[in-house]
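Readers should treat all values here as calculations from the given coordinates under stated rules, not as data from a laboratory. The shown structure was predicted, so the numbers you read here are calculated from the model rather than taken from an experiment. Cβ placement follows ideal geometry from the backbone for every residue including glycine, while neighbour counts extend to all protein chains displayed.
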Amino acid sequence: MFMIPEETVRQPEPEGEPSHNTSEWTELVESIRAGDQDAMSRLYATFGRGVRYYLSRQLGAQEIEDKVHDTFLVVLGAIQRGELRDPERLMGYVRTVVRRLVATHIDRLVEERKERTDVESGISLADERADPEKDAERQQKMEIMQQVLRSISKRDREILTRFYLYEQTQEQICRDMGLNDTQFRLLKSRAKARFAEIGKRRLEKNNAPENNFLRKSAGA
Amino acid sequence: MSATGKAHPGDELLELYALGRLDEPELGEFEEHILVCELCQDRLDEATDFVVTMQAAASQMIHEPEPEPAWRRLLRLEWLPMPAPALAGAFALLVAVVAWQPWRSTEPAHWQTVQLETMRGEAAQATAPAGFALDLRLDAADIDAAGATAQIVSADGNVVADAALRVANGKAELRHAAGLSAGHYWVRLKKSGETVREYQLLVR
């Protein structure tokens, strides 16, 4: 493997910045405490998508709106009761509430499963409804990735397998395989680029508008 | 990355989060940012998609046997359309059949009958096609051809064939199955070692 300057490997950071800052949170919290209905709407508008995203990522799409609503009730209640002592930490507080809600939900699910399994041994409560479209999409993506893995050397494949599958750290892999950080990052970025490239080619070949994931992978 | 969410996390941080390997305090800062940044939510989805697919693909591939190098596959002859011993047997059979040539009949399928006269000049010169089995009918009306033999001699004096004659109704018949190549020939009717008659034959 040859050496490449660090700056050529690092991906450019995305442009644009979130428009929120600590003083905004202070103003928002104080307005809510003062009973400003508009401020409550702003709170929802600011965190709504993110809370929904976080919850659906952790728990799936089931009853997601109820959970988002529950989160905001807790946050609003805490603000109105003056329990949020440091308004600048509003984001952190919202995160704590969401994480707590996720943990509670998981605990409840585990308990329910345990009880149900005691009665109906071997029956799973997981939401495993078949989705042929998603299955086909997953299968297609996996074929592309396998194509990528087969196209690289055995050593490079081992590096990727160690990192992504065996959960070894970058430091450990670099030490074991005699790599530097740049080489490691380069290998990963090449694999991603190849994945996107093959995905794009397949997309062009199939010209199937339903292949959203390929368009996404290809950056189209 | 600031806790205020002012800067977007880098790709490596997104990947570590997708892999579930981010610890506090980075984890807290990252999740707070994700709660308010739609751009990074999309980026995280893509990173997660890549990680999950990579894990699934790698997991499946580690159970697959290592692909054998092309040169070794060639040596193992697995690319052959049938097992090597069967192919060797088939090849031996083919060689035997080609050598035996069962399709070749000892008797040529087409005989050409040619009348040979003793008169001199162009008109008397009989012609025959090259490569065909020849049934030569020699004019022997005024001689006693019983017990005679015949020779086919090329223009340069080589005896191409020497065989007994069949005589019937004043005609002596000489059959030459091998055929002749193009050229001028003499057919000599011989009795007691002496040439008693000679015929011209042009093969073309």
Practice task
Can you work out which of the residues in region A:148-163 that are more than 9 Å from chain B (Cβ to nearest Cβ), touching a residue at least 24 places away in the same chain (Cβ under 8 Å) and not acidic (Asp, Glu) is surrounded by the most Cβ atoms within 10 Å (Cβ to Cβ)?
Solution key: A:ILE159
Fill in the blank from the handout: Among A:ARG49, A:ARG95, A:ARG116, A:ARG100, the single one that is basic (Lys, Arg), in a helix (DSSP H, G or I) and more than 21 Å from A:ILE32 (Cβ to Cβ) is A:ARG116
Exercise for the section: Provide a single number: the residues in region B:50-65 that are in a helix (DSSP H, G or I), surrounded by fewer than 18 Cβ atoms within 10 Å (Cβ to Cβ) and not polar (S, T, N, Q). Expected result: 2
